[in-house]
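Structure record follows, encoded as structure tokens.
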Amino acid sequence: MAWNEPGGNSNNQDPWGGRKGGDRKGPPDLDEAFRKLQESLNGLFGSGKRRGAGDGSGSGGGFGLLAIGLGLLAAVWLYSAVYVVDEQEQAVVLRFGKYYETVGPGLNFYFPPIDRKYQENVTRERAYSKQGQMLTEDENIIEVPLTVQYKISNLQDFVLNVDQPEVSLQQATDSSVRHVVGSTAMDQVLTEGRELMASEVKERLQRFMDTYKTGITVTQVNLQSAAAPREVQEAFDDVIRAREDEQREKNLAETYANGVVPEARGQAQRLIEDASGYRDEVVSRATGEADRFSKLVAEYRKAPDVTRERLYLDTMQELMSNSSKVLVTGEKGQNNLLYLPLDKMIDSRGTAAPSVPASAASGDLGSRVSAELQQRDLRSRETR
């Protein structure tokens, strides 16, 4: 029956178990409430018979609370000791502060606080960006933005060797970029030299990481378009325009050279070939003349008079074939002069026999001149 139901002894009882007008007034103290809770738990776990209201908290109640506390601690410890490593992750376990093992993917167990666990994603590529003003080799200040991509290749080194390895990576990046930019001219940094610079920065940065044994592998370094500081941007724009004009003039000069130089080389080659042909012709003619003279000497030794006469006739024929008039004088003491109009003789012969070749006509004319000279020689001898 509730304390306030009709017919109940509501005047003598209160909801706190005391009597109205008695010694206890107000709600019970905390010790009594805690004692009742403890008795309820003891009955739940079967720790013995119920104590009376006047009995204090006994050893059975203390043991029950201790068991509950130990159970809660065991549950918390078990929850923190069991962990799962994903397929993309690894975990490094330290036992008493010393490296114990590297754990792969799966369900794993360790013993805190004896063990400590460091779990990281070792396949994901990480990246960070930086930008700063740097001094080039030719003492110009430029702003160079870059992005570095990296991943953890050795989790043990990443955890144990260096304190804050990613901070060390950023500091090493500053050192590498400043070294490379400081040894490169501004033109190369602003134009086509960025790819080569990125390769040099990556190589130098990876060498730093390997020296420090950070367990970090640099996968890519991207140098973005460098620019001048805002205060001197107009001057840099003028420099860039001047560089473009210079490159355009160079291209025009190269185009002109590509058109002129091959032509000059062709002319030079033609002259060389003409000179070579003329040389071969002269050498061949001289060789032929020498061979002819050698054979003529042999014939002259066999018949000197005939050979001499033949040489004379051949020479006269060669000379007269190039002249249109011939004057022949007699011997000393004679005033006889013979005029031979060869041009008219050739023309009349050519009219009479137009089909006769010029070489044949000149040969016949030489024979006639030779005969005429022989007749004059005979007449002069008879006159004597």
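Looking across segment 166-187 at every residue that is of a type in the set (S, T, Y) and surrounded by 15 or more Cβ atoms within 10 Å (Cβ to Cβ), the one that is nearest to A227 (Cα to Cα) is identified as T184.
Is at least one residue of segment 234-247 β-branched (V, I, T), modelled with pLDDT under 85 and under 27 Å from V177 (Cβ atoms)?
First pass over segment 234-247, keeping only residues β-branched (V, I, T): 239-240.
Now narrow it down to the ones that are modelled with pLDDT under 85: 239-240.
Keeping just the survivors that are under 27 Å from V177 (Cβ atoms) gives 239-240.
Within segment 234-247, one or more residues are β-branched (V, I, T), modelled with pLDDT under 85 and under 27 Å from V177 (Cβ atoms).
Taken as a whole, segment 215-237 holds no residue that is in the same structural domain as V181 (by TED's automatic domain parsing), among the β-branched types (V, I, T), in contact with a Pro (Cβ under 7 Å, 6 or more places away or on another chain) and not in a strand (DSSP E or B).
May I ask you to verify whether V92 is in contact (Cβ under 8 Å) with a residue 24 or more places away in the chain and touching a helix residue (DSSP H, G or I) at 6+ places or on another chain (Cβ under 6 Å)?
On the way: in contact (Cβ under 8 Å) with a residue 24 or more places away in the chain: yes; touching a helix residue (DSSP H, G or I) at 6+ places or on another chain (Cβ under 6 Å): yes.
Against the criterion (in contact (Cβ under 8 Å) with a residue 24 or more places away in the chain and touching a helix residue (DSSP H, G or I) at 6+ places or on another chain (Cβ under 6 Å)), V92 qualifies.
Only a single item in (1) of a type in the set (A, V, I, L, M); (2) in the same structural domain as N154 (by TED's automatic domain parsing); (3) surrounded by 15 or more Cβ atoms within 10 Å (Cβ to Cβ) is not met by L196, and it is number (3).
Restricting to segment 86-100, name every residue that is of a type in the set (F, W, Y) and in a strand (DSSP E or B).
Applying the first criterion (of a type in the set (F, W, Y)) to segment 86-100 yields 96, 99-100.
Correct list: Y99, Y100.
Evaluating G106 against the criteria (1) small (G, A, S); (2) surrounded by fewer than 14 Cβ atoms within 10 Å (Cβ to Cβ); (3) in contact with a Phe, Trp or Tyr (Cβ under 8 Å, 6 or more places away or on another chain) leaves one unmet condition, (3).
Conditions tested, residue by residue: (1) touching a helix residue (DSSP H, G or I) at 6+ places or on another chain (Cβ under 6 Å); (2) modelled with pLDDT of 85 or more; (3) of a type outside the set (G, A, S); (4) not in a helix (DSSP H, G or I).
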position	(1), (2), (3), (4)
R270	no, yes, yes, no
S284	no, yes, no, no
T287	no, yes, yes, no
A290	no, yes, no, no
M316	no, no, yes, no
Q334	no, no, yes, yes
K344	no, no, yes, no
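Scanning segment 75-88 finds no residues that are in contact (Cβ under 8 Å) with a residue 24 or more places away in the chain, in contact with a helix residue (DSSP H, G or I) (Cβ under 8 Å, 6 or more places away or on another chain), more than 28 Å from P229 (Cβ to Cβ) and aromatic (F, W, Y). So the check is Cβ under 9 Å with 6+ separation or different chains; which pairs have a first residue in segment 208-237 that's under 13 Å from S168 (Cα atoms) and a second one that's among the aromatic types (F, W, Y) and not in a strand (DSSP E or B)? Matching pairs, first to second residue: T214/F158; T214/F208; G215/F158; I216/F158.
Those helices (runs of 4 or more DSSP H) of segment 101-214 in which at least 3 residues are within 19 Å of the chain's Cα centre (by Cα), more than 19 Å from Q88 (Cα to Cα) and not small (G, A, S), considering only elements entirely within it, cover 165-182, 186-190, 194-212.
Every condition in (1) in the same structural domain as D174 (by TED's automatic domain parsing); (2) in contact (Cβ under 8 Å) with a residue 40 or more places away in the chain is met by R243 except one, and the failing one is (1). Apart from one condition, R204 fits all of (1) touching a helix residue (DSSP H, G or I) at 6+ places or on another chain (Cβ under 6 Å); (2) outside the structural domain of N140 (by TED's automatic domain parsing); the exception is (2).
The values are calculated or read from the model by the stated rules, or taken from the named source; none is laboratory data. These figures come from a predicted structure and were not determined experimentally. In this analysis, Cβ positions are derived from the backbone assuming ideal geometry, glycine residues included, and neighbour counts consider all displayed protein chains.
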